[in-house]
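The values are calculated or read from the model by the stated rules, or taken from the named source; none is laboratory data. Keep in mind the model is a prediction, meaning the values are calculated, not measured. Cβ atoms come from the backbone with ideal geometry, glycine included; neighbour counts cover every protein chain shown.
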C-alpha cells in the first residue's frame with residue numbers, strides 16, 4: 001500500500017485507546033449527543049415537581065361530613081394531621097356510589113380509586129372543639145365510636161419547601177453544568193466558539209458547491225475597478241506569475257465609493273466568478289452585546305480562512321469596526337477597539353498568513369483607522385465613483401435587459417439626463433418606469449415613462465389632486481418662470497430640461513429641472529451665474545407681486561452654501577484672501593479655525609456676494625419681464641413645459657449649449673438636477689462643495 005493510500009485510510013480512535021488500533025474493526029462509532037441527557041433530566045425533575053402521587057381531594061364542610069358521611073356509616077376512618085389543620089376523610093369503597101356524592105360533587109367516583117385514599121377533607125379551627133363536636137354527635141345518634149376510627153399522625157409532605165428548594169437547586173446546577181460545557185467546548189460540541197457558539201464567525205462561505213447568479217457581466221460602468229478585482233483573483237490562481245520576479249501578493253484591497261455605486265455588487269460578482277472559497281460578512285456581524293465576542297469572531301473567521309486557503313474574505317461596511325481609535329476616554333470604545341486590534345493582528349501580525357486576501361468596502365474612508373489603511377493590510381484602495389455618461393449608458397443597458405422597452409427608446413439620451421445618478425439610482429429609475437408603463441396598460445416602456453420615473457425619483461410622487469389656491473398657484477408659476485428665464489439668459493447656467501408647477505413629494509409645489517454639466521472645475525463667473533439662477537424665483541416674486549414668500553427657503557440654503565464655499569474654502573474673495581478654512585478631519589468639531597473678527601469679515605463678504613447676485617438677477621428679470629409673463633401664463637395653462645416649449649415662446653437660448661462629453665462625473669454635483677422648488681421639499685442640486693460651519 002502506498003504512502004498516499006495510507007494517509008487516505010480513515011483513522012478510528014476508540015474510547016480509552018491511545019490512537020489508531022489496526023486490530024479493531026473499521027467501523028464508525030455512533031455519535032452521541034449529550035443534549036439528550038439534559039433533556040431527560042429536565043423532564044424527570046419537572047415531572048416529579050408537578051405530578052402528585054396522592055389523588056386530589058374534595059373540600060367539604062364539617063357538617064356535611066357528620067350528616068352525610070358519618071351518620072349513614074360511609075366513613076372508614078378519619079385522619080387528623082398534626083402538622084396542619086386539615087382532617088382527611090377516608091370513605092368505604094361501596095358507599096362512594098351513593099347518589100348524594102354524585103349530586104353534591106357532579107362527579108362519578110371510581111370505587112377502586114377510593115380504597116386507601118382520602119377523597120374529602122375539611123379544615124378545623126380548634127382540635128379540642130372538633131373532638132368534642134364529634135363525640136357529642138356520635139352519642140346523640142347512638143353511633144359506636146369504634147365504627148369511626150380517628151387516626152392522629154403527621155401528614156406526609158412530599159412537596160414541602162425543603163423538597164422544592166432541593167429540586168430548584170438541582171435544576172440550576174444542571175443548567176450551570178450545561179453552560180460550562182458549552183463554554184469549554186468539550187463533549188457538548190460547543191467548540192471554541194464560546195457560550196452557545198456566540199463567538200463563532202457569522203461569515204457566509206461561497207465555495208465551489210455554492211452557486212452565485214451574479215457575474216462580472218452584470219457589473220457595468222466600473223471597468224477600471226473590475227480590472228483591479230479580477231487581478232486579485234488571478235493573484236490566488238497564479239501566484240508564481242507575480243512572485244517569480246520578486247513581487248509580493250497584496251494582502252488586501254479596499255473598495256471606496258459613495259452609496260449605490262456598486263461596491264457590494266462587485267464583491268458578489270467576484271464571489272460568482274472566483275474559483276476559490278469566498279467568505280462574506282458585514283462589519284456589524286462582529287458586534288455583539290457581550291464583551292470579547294468581536295475579537296473571538298475575528299479569530300474564528302481567520303481560522304476558517306486558513307483551513308480554506310487560498311481564499312478571499314469580504315467585509316462589507318468595514319467602518320462599523322474599523323473606525324479610528326479614540327485618543328481620549330470620551331471617544332474610545334474598548335469593545336470595538338479590541339475587535340479592530342484583533343483584525344489588525346490577523347491581517348498583518350507577527351505570524352503572517354499567505355493565501356488569504358481581504359476585500360472590504362466602505363463609503364466613509366475618512367473615519368477609518370490609519371493602521372488599517374497602511375500597506376501590508378490594505379495595499380490597494382480601489383475608488384468606485386459615480387458613473388459618467390458612458391458608464392450610465394452601460395448600466396441602463398444592464399437593467400433594461402429584463403424590461404420590455406419600445407424601439408424608440410433612446411438610452412444615450414437617458415444617460416445624459418441622469419448626471420450624478422449611481423447604479424442603484426438607475427436601477428430604481430428602470431423599475432419605476434416599468435411600473436408606470438404597467439399602470440398605464442402599455443405593452444412596452446417608452447421614453448415618457450422614463451421621464452416620469454426620473455421625475456418620480458428626483459421630486460417624489462406627483463400630486464395633481466393637491467388643492468392650491470389660485471393666487472398661490474400664480475405665485476408658484478412666476479417663481480418657476482423666474483428660475484427658467486435666468487437659466488435661459490445666463491451663459492454659465494445649466495441647460496433647462498423641464499419646468500413644472502405640479503406639486504411633488506411631501507412639500508414641493510413646483511420645480512425647474514436642469515441638466516448639470518459634467519465638469520471638474522468651476523470658476524467665479526460660473527458660480528455667480530448659479531447663484532443668480534437660484535435667486536430667480538425670489539426676484540420674480542419681488543418684481544411681479546412686490547412681496548416675497550416662503551417658497552424660496554430651499555433656494556436660500558443653496559446659495560448660502562455656495563457663497564460660504566467661495567469665501568472660506570476656495571479663496572474666491574479678495575478681502576479674505578487665498579485661504580481655506582476647511583479641514584475634513586475637523587468637520588465634526590465645534591471650534592472654528594479663525595477668529596471672531598475674521599468670522600465677521602466672512603459673513604460680510606458672503607452677504608455682499610449674495611446681494612450683488614440678487615441685484616443682478618433683479619436687473620435681468622426686469623429686462624426680460626415680458627418673457628417671464630409669457631412663461632408664467634403658459635405654465636398656468638399647461639402646468640408642465642419642456643425645453644422645446646420654451647423655445648417656441650421666447651426663442652432659442654442665446655448661448656450655445658456644449659455637448660455633454662463622456663468624461664468622469666462632476667465632483668460638485670449629485671444625483672438631483674437643479675431646480676427651483678417653491679419650498680424646501682426638493683433641493684435645486686446637491687452640490688458637494690465642502691462647507692464649514694456657518695457663522
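Failed condition for residue 263, given (1) surrounded by fewer than 18 Cβ atoms within 10 Å (Cβ to Cβ); (2) within 24 Å of the chain's Cα centre (by Cα), with all others met?
The one condition residue 263 does not meet is (1).
Being at pLDDT below 90 and in a helix (DSSP H, G or I) narrows it down to one residue among 565, 644; which is it?
So the residue among 565, 644 that is at pLDDT below 90 and in a helix (DSSP H, G or I) is 644.
Given (1) over 13 Å from residue 482 (Cα atoms); (2) under 40 Å from the mean Cα position of the chain (by Cα), where does residue 533 come up short, assuming only one miss?
Going through the list (1) over 13 Å from residue 482 (Cα atoms); (2) under 40 Å from the mean Cα position of the chain (by Cα), residue 533 breaks only (1).
What are the residue pairs meeting all of these: first residue in region 369-383, first residue more than 18 Å from residue 312 (Cα to Cα), second residue assigned to a loop (DSSP other than H, G, I, E, B), Cβ atoms under 8 Å, and 6 or more apart or on different chains?
So the pair list comes out as 369/324; 369/325; 370/324; 371/377; 383/257.
Take the conditions in contact with a strand residue (DSSP E or B) (Cβ under 9 Å, 6 or more places away or on another chain), at pLDDT 90 or above and more than 24 Å from residue 514 (Cβ to Cβ) and apply them to residue 433. Does it pass?
Judged against the criteria, residue 433 is not a match.
State which residue is surrounded by the fewest Cβ atoms within 10 Å (Cβ to Cβ) when the search covers only region 455-465 and only residues that are more than 26 Å from the chain's Cα centre (by Cα) and touching a residue at least 12 places away in the same chain (Cβ under 8 Å). Break it down into steps so the answer makes sense when it comes.
Going through region 455-465, the residues more than 26 Å from the chain's Cα centre (by Cα) turn out to be 455, 462-465.
Among the residues that remain, those that are also touching a residue at least 12 places away in the same chain (Cβ under 8 Å) are: 455, 462-464.
On the way: 455: 21, 462: 15, 463: 15, 464: 8.
Per the criteria, the residue is 464.
Out of all the residues in region 151-163, is one or more in a helix (DSSP H, G or I) and modelled with pLDDT of 70 or more?
no
For region 304-315, name all the residues that are surrounded by fewer than 21 Cβ atoms within 10 Å (Cβ to Cβ) and touching a residue at least 40 places away in the same chain (Cβ under 8 Å). Spell out the reasoning first.
Kept after step one, since they are surrounded by fewer than 21 Cβ atoms within 10 Å (Cβ to Cβ), are these residues of region 304-315: 304, 306-310.
Answer for region 304-315, where residues must be surrounded by fewer than 21 Cβ atoms within 10 Å (Cβ to Cβ) and touching a residue at least 40 places away in the same chain (Cβ under 8 Å): 304, 306, 308, 309, 310.
Can you tell me which residues in region 435-451 are closer than 20 Å to residue 416 by Cα and either out of contact with any helix residue (DSSP H, G or I) (no Cβ under 6 Å at 6 or more places or on another chain) or surrounded by fewer than 17 Cβ atoms within 10 Å (Cβ to Cβ) (or both)?
Taking region 435-451 and keeping what is closer than 20 Å to residue 416 by Cα, we get 445-451.
If the condition is that a residue be closer than 20 Å to residue 416 by Cα and either out of contact with any helix residue (DSSP H, G or I) (no Cβ under 6 Å at 6 or more places or on another chain) or surrounded by fewer than 17 Cβ atoms within 10 Å (Cβ to Cβ) (or both), then 446, 447, 448, 451 are the ones that fit.
What is the residue count in region 99-120 for residues that are surrounded by 16 or more Cβ atoms within 10 Å (Cβ to Cβ) and outside any strand (DSSP E or B)?
Summing the residues that are surrounded by 16 or more Cβ atoms within 10 Å (Cβ to Cβ) and outside any strand (DSSP E or B) in region 99-120 gives 5.
Which residues, taken from region 93-107, are touching a helix residue (DSSP H, G or I) at 6+ places or on another chain (Cβ under 6 Å) and farther than 15 Å from residue 64 by Cβ?
93
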